[in-house]
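Okay, structure first, notes after.
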């Protein structure tokens, strides 16, 4: 499980809005002063990620208040499978369609190499569209929604 702390900023009917500080690994690196990425990380302010999540007191077990700190979690296996889809589907589409385009070119069905190149680009694009569909509306898209697993009341943070 990947866990992240977030602060509750708003509570609406059935939904809670939380913000989390985006952390950069550049601040802990020994090459911070000589690295281009480190210089950019120092120059730009730290960004915040804002999420609106479903909120049901029966599932969470505690009533949330504005200012509470919550622990969000995502299962690692779902993140890894999602990353695999995003990277591999376009690549597989590109390679497969390029191979088909080359085969059609060798069979002299296609008159020019640009058509074979077009096949490859089309396959990469179709793989991208398939990956995008899988991430938004696929069977596993709901599993990529962060869940609140623990509530840390705002009164306990200062003590």
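Values as computed for the structure displayed
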| item | result |
| --- | --- |
| Two-site FRET efficiency, residue 114 against residue 87, from Cβ-Cβ distance with R₀ of 35 Å, rounded to 0.05 | 0.85 |
| Those residues of the stretch 113-127 whose amide nitrogen sits under 20 Å from the label point placed on residue 96, 7 Å along Cα→Cβ | 116-127 |
| Rg to Rh quotient for the stretch 75-124, alpha carbon positions, Kirkwood Rh | 1.25 |
| Förster radius 25 Å - calculated FRET efficiency between residue 103 and residue 133, Cβ distance, rounded to 0.05 | 0.35 |
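Read the figures in this text as sums done on the coordinates, not as results from a lab. Bear in mind that the values here come from a model prediction, so they are computed numbers and not experimental data. Every residue, glycine as well, gets a Cβ built from its backbone with ideal geometry; the counts of neighbours run over all protein chains shown.
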